[in-house]
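Below is one structure; the comments refer to it alone.
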Amino acid sequence: MRWSQSFIPTRKENPREAEIASHKYLVRGGFIEQHASGVYAFLPLARKVILKIENIIREEMNKIGAQEVLLPALTNSDVWKDTGRWESFGNDMFRLKDRWERELALAPTHEEIMTLLAKEHLKSYRDLPQIWYQIQTKFRDEPRPRGGLLRVREFAMKDSYSFDATWEGLDESYQKHKNAYLNIFSRTGLQVSVVKASSGLMGGSDSEEFMVLSKSGEDRIVYCPKCGYSANIEVAEARVGNPFVQSKFTKKEKVHTPGVRTVKEVAEFLGIEPSLIVKSLLYRTQDKRDILVLIRGDYEVSEAKLSKIYGQELQLSSREYILKKFNAEPGFIGPIDAPVDEIIADESIRNLSRFVVGGNRNDYHIVGVNLDDIKINRFADLREVREGDICLKCGGGLSLENAIEVGHIFKLGTKYSASLGAMFTDQNGEKKPIIMGSYGIGVGRIMAANVEVNHDDKGIIWPFSIAPYEVDIIEIDHKKTEDFAFKLYKELKSKGYDVIWDDRDIGAGAKFKDAELVGIPISVVVSPKKIKDGTLEVQVRKTGKQFDVREEELLSQLKNLKKEL
RNA sequence: CGGGGCGUAGCGCAGUUUGGAUAGCGCGCCUGGUUCGGGACCAGGAGGUCGGUGGUUCGAAUCCACUCGCCCCGACCA
C-alpha cells in the first residue's frame with residue numbers, strides 16, 4: 001500500500017477525552033474514531049490489526065477442533081426469558097421492539113442461542129463432544145463505558161461453547177481452551193496471568209480469567225509471588241495479617257464517644273488499633289431483608305463475595321434509612337440489639353476479644369465486647385483481600401495488581417442445557433442435559449491491552465504478529481528515489497511482507513513521526529545519498545536501533561528481525 | 001444511579017468571573033513560491049447555528065431555566 005493513497009488520519013494532538021495511552025494513541029494514530037459513548041469506528045489500520053488478531057484466534061481454535069459459526073445478534077426475547085436472563089441482565093441488555101411490538105434483544109452473549117442450536121441437533125452421546133465458536137459483535141449497555149476500547153458497548157468477541165456428555169469431557173474441553181488461549185495471547189504479544197474468577201451472571205462452577213497486568217486495568221488481581229496463587233480480588237481468599245488480638249478493655253461498657261464515627265477516629269479516640277474495632281455495615285437484600293455485616297475495622301467488605309453468598313445483589317443502606325431504623329448515625333450502629341433480620345460476620349473477627357462496637361446510639365460505642373455478647377447468625381469470608389495478607393497455600397505475603405481482562409473461561413455445567421431442554425441420550429438410553437462450557441475473548445481488548453503494555457512517549461510499539469504493517473519504506477526525498485523505492489516495495493511484498501510505502505511528498509521528519517506513532521515494527525529508510533553507495537537504513541521501532549545495511553543484505557536482516565519481534 | 005468536570009472552525013484551546021461593536025490563537029486545510037534526515041519557511045486564502053431550546057436584556061459565547069452529548073471517580077463484565 002502507498003501511504004499517499006491510504007486513509008490514515010494521524011493527529012498531532014491528543015483527543016480531549018482520552019486519558020489512557022491506548023485510547024490516546026489509537027485515536028492519534030488514526031486507528032479508531034469515537035462515534036458515541038462506548039461505540040467506535042474502526043479505520044483501516046485498526047481493521048488490519050483486528051483481522052490479524054482474529055486470524056490467530058481462528059488458527060488456535062481450529063487447532064483444538066472447534067468449528068466456526070456465525071449466529072444472529074438480533075435475538076428473540078423468548079430464549080432469554082427461558083433462562084431467566086431477560087430479567088437478570090437488567091439494563092445491561094439492549095432491547096428493542098419490531099413493528100409488531102415483538103420484543104427483541106441485541107445479544108450481549110450467546111449461551112442461549114448456542115444451546116438452542118445444540119438442542120436441535122445434538123441428540124445422542126454419539127454427537128458429542130462438540131466445540132462451536134464465533135467471532136461476533138456483542139452489545140452491552142454498560143453503565144459506564146471507559147478507557148477508549150477497554151470498556152465499550154459494542155465489541156467483537158470470540159465466544160466458544162463446548163458440549164460434552166460427561167464431566168470428564170467438560171474438563172477436557174476446558175483444558176483445551178485454556179491451552180488454546182495461552183497460545184493466542186502469547187502469539188498476539190501479551191503476557192497474561194490466569195486467575196481464579198467469579199462466574200457472575202454466566203453461572204456455573206469454575207471459571208478463570210486471563211489478565212494483562214496494567215495500571216489502566218479496571219480489575220484487580222491478588223497474587224502470591226512465592227507460590228503463584230492468583231485470583232481476582234472478587235474471589236481471592238487469604239488469612240488476615242495479625243489474627244489474634246485483645247484490647248486493653250477488661251469489661252463490657254458503654255463509653256461516650258462524641259462525634260467520632262469513622263473507624264480511624266474511634267481508634268484514635270480510644271487509643272487502640274483499628275483492628276480491635278468491629279465495623280458494622282447495614283445492607284439490604286432485594287427481598288427487603290436487613291443484613292448487618294460485621295468486619296474487622298481495618299478491612300473492607302467485598303460486595304462481590306457478599307452477593308455470591310446471598311445469590312443476589314445487596315445494597316448498602318443509605319444514611320436516611322439507617323437513621324430511621326436505628327435512630328442513630330451510620331457511624332454508631334453496632335450488632336448488640338440491632339434491629340435487623342440477620343447478622344453475618346467476617347471470619348476476621350472470630351479471634352478478637354474485648355473489642356469495640358457501635359452503641360446503636362449517637363455518640364456512644366461499646367468497648368470490651370466479646371463474641372458471646374453478639375448473636376451472629378453466621379460467619380463467612382466477606383473480606384476484600386489487602387496487600388500483605390497471608391497466602392492460604394504457602395503463607396507468603398500477597399500482592400495486588402491492576403489488570404485488563406482479555407479472556408474468561410467458564411465451566412457452565414448444565415445450567416443452560418437444563419433450562420432450555422438441550423438433552424442427549426446416553427449409552428444406557430437415559431436422557432441427560434448436555435454438559436457445557438463457555439469461553440470468551442475480547443478481540444478489541446487484545447488490541448487495546450497491547451497498546452497499554454507496548455508504547456512509549458512517541459507512540460505504539462506493535463509486536464510483529466499483529467502490527468498494521470510490518471515494514472514501512474520511508475523515502476527521504478520522494479522525487480529523487482521513487483523508482484528505486486517502488487522496486488524495493490514490490491520486492492518486499494513478493495517476499496510476503498506486509499509493507500507500506502511512504503511515498504508522500506512531505507518532510508522526512510513527518511514520516512518518521514508517523515511511523516513511530518502508528519508503531520510499525522521496522523522502517524527501511526531510502527535516502528538518495530545512501531542508495532548511491534548501495535546501502536539502506538533500517539530502524540527498529542521497539543529497540544530504537546538504527547543501522548545501515550547493504551542492499552543485498554536487507555532481506556536476511558529483515559528475516560532476523562522478524563524472529564525477534 | 002450518586003459525585004466531579006467539559007461542550008466555542010476538522011483537531012487542540014483562549015474568551016464566560018464583571019453582558020457591549022467584525023468571536024480569537026495554534027495545528028490542519030486551499031493557492032503560489034522556496035525547501036527536503038526528525039512534524040520546514042514565506043506570502044495569500046477559505047472555514048463558526050459559540051451543543052440545543054426557551055427566557056432575562058436596548059444588547060447574550062458570557063446571566064437564568066430546561067435539555068442533549070462527552071469524559072473522569074464509585075457498584076457490573078470480554
Next item on the list: Pairs only if they're at least six apart or on different chains, beta carbon under 8 angstrom, first in segment A:477-496 and free of Cβ contacts under 8 Å to residues at least 12 places away in the same chain, second not in a helix (DSSP H, G or I); list them, first residue then second.
Entry: A:Lys493/A:Val499
Margin query: With the requirement that a residue be farther than 30 Å from A:His256 by Cβ, polar (S, T, N, Q) and touching a strand residue (DSSP E or B) at 6+ places or on another chain (Cβ under 7 Å), what does segment A:295-334 give you?
Written below: A:Ser302, A:Gln315
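Residue-wise test of (1) open to solvent by less than 20 Å² (accessible area, probe 1.4 Å); (2) assigned to a helix (DSSP H, G or I); (3) at pLDDT below 95.
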residue: A:Leu517; (1), (2), (3): yes, yes, no
residue: A:Ile520; (1), (2), (3): yes, no, no
residue: A:Ser523; (1), (2), (3): yes, no, no
residue: A:Glu537; (1), (2), (3): no, no, no
residue: A:Lys542; (1), (2), (3): no, no, no
residue: A:Asp548; (1), (2), (3): no, no, no
residue: A:Glu553; (1), (2), (3): no, yes, no
Check: Between a first residue in segment A:515-535 that is of a type in the set (Lys, Arg) and a second residue that is within 9 Å of RNA strand B (Cβ to nearest atom) and at pLDDT 95 or above, which pairs have beta carbons less than 8 Å apart while being 6 or more apart in sequence or on different chains?
Finding: A:Lys530/A:Leu536; A:Lys530/A:Glu537; A:Lys530/A:Asp548
Check: Failed condition for A:Asp92, given (1) within 11 Å of RNA strand B (Cβ to nearest atom); (2) modelled with pLDDT under 95; (3) buried (at least 20 other Cβ atoms within 10 Å of the Cβ), with all others met?
Finding: (3)
Next item on the list: Within segment A:240-253, track down each residue that is over 30 Å from A:Glu208 (Cα atoms) and exposed (fewer than 13 other Cβ atoms within 10 Å of the Cβ).
Entry: A:Phe244, A:Lys248, A:Thr250, A:Lys251, A:Glu253
Margin query: Go through (1) of a type outside the set (A, V, I, L, M); (2) in contact (Cβ under 8 Å) with a residue 60 or more places away in the chain; (3) within 11 Å of RNA strand B (Cβ to nearest atom) for A:Trp501 and report which single condition fails.
Written below: (3)
Check: Quick check: anything in segment A:438-445 more than 16 Å from RNA strand B (Cβ to nearest atom) and of a type outside the set (Val, Ile, Thr)?
Finding: no
Next item on the list: Output the number of the condition that A:Gly440 fails; it satisfies all remaining conditions of (1) under 30 Å from A:Lys81 (Cα atoms); (2) touching a Pro at 6+ places or on another chain (Cβ under 9 Å); (3) not hydrophobic (A, V, I, L, M, F, W, C).
Entry: (2)
Notebook entry, point to check: Restricting segment A:219-269 to residues that are small (Gly, Ala, Ser) and over 27 Å from A:Gly395 (Cβ atoms), which is farthest from the chain's Cα centre (by Cα)?
Noted result: A:Gly259
Next item on the list: For segment A:124-239, please list each of the strands (runs of 3 or more DSSP E) lying entirely inside it that holds at least 3 residues being open to solvent by less than 30 Å² (accessible area, probe 1.4 Å) and more than 25 Å from A:Arg386 (Cα to Cα).
Entry: A:130-139, A:154-164
Margin query: Restricting to segment A:424-441, name every residue that is polar (S, T, N, Q) and either modelled with pLDDT under 95 or closer than 19 Å to A:Ile113 by Cα (or both).
Written below: A:Ser438
Next item on the list: Count, please, the residues in segment A:41-61 that happen to be out of contact with any His (no Cβ under 9 Å at 6 or more places or on another chain) and closer than 17 Å to A:Ser186 by Cα.
Entry: 12
Check: Does segment A:466-474 include one or more residues that are more than 10 Å from RNA strand B (Cβ to nearest atom), open to solvent by 10 Å² or more (accessible area, probe 1.4 Å), part of a loop (DSSP other than H, G, I, E, B) and of a type in the set (Ser, Thr, Tyr)?
Finding: yes
Note to self: Out of the strands (runs of 3 or more DSSP E) lying entirely within segment A:1-86, which hold 3 or more residues that are surrounded by 13 or more Cβ atoms within 10 Å (Cβ to Cβ)?
What the structure shows: A:32-36, A:39-42
Margin query: Any residue in segment A:171-188 that is closer than 18 Å to A:Pro463 by Cα and in contact (Cβ under 8 Å) with a residue 60 or more places away in the chain sitting within a Cβ distance under 8 Å of a residue that is part of a helix (DSSP H, G or I) and of a type in the set (A, V, I, L, M, F, W, C)? List the pairs, counting only those 6 or more apart or interchain.
Written below: A:Ile184/A:Ile56; A:Ile184/A:Ile57; A:Phe185/A:Ile446; A:Arg187/A:Ile56; A:Thr188/A:Ile53; A:Thr188/A:Ile56; A:Thr188/A:Ile446; A:Thr188/A:Ile466
Check: Here are some conditions: (1) in contact with a helix residue (DSSP H, G or I) (Cβ under 8 Å, 6 or more places away or on another chain); (2) within 15 Å of RNA strand B (Cβ to nearest atom). A:His110 meets all but one. Which one does it not meet?
Finding: (1)
Item checked: Unique residue being among the charged types (D, E, K, R), near RNA strand B (Cβ under 10 Å from one of its atoms), open to solvent by less than 20 Å² (accessible area, probe 1.4 Å) and not in a loop (DSSP other than H, G, I, E, B) when the list is A:Lys529, A:Lys511 -> A:Lys511
Checklist line | Single residue of A:Gly444, A:Gly429 found to be under 30 Å from the mean Cα position of the chain (by Cα), of a type outside the set (Asp, Glu) and assigned by TED's automatic domain parsing to the domain that holds A:Gln67 | finding: A:Gly444
Next item on the list: Collect the residues in segment A:95-111 that are crowded, with 18+ Cβ neighbours inside 10 Å and in contact with a Ser or Thr (Cβ under 9 Å, 6 or more places away or on another chain), keeping them in residue-number order.
Entry: A:Ala105, A:Leu106, A:Ala107, A:Thr109, A:His110, A:Glu111
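The values are calculated or read from the model by the stated rules, or taken from the named source; none is laboratory data. As the structure is a prediction and not an experimental result, all values here were calculated from the model. Virtual Cβ from ideal backbone geometry, glycine too; neighbours counted across all protein chains shown. Heads up: the accessible areas ignore ligands, DNA and RNA and are worked out on the full protein's heavy atoms, side chains in. Shrake-Rupley method; radii C 1.70, N 1.55, O 1.52, S 1.80 Å.
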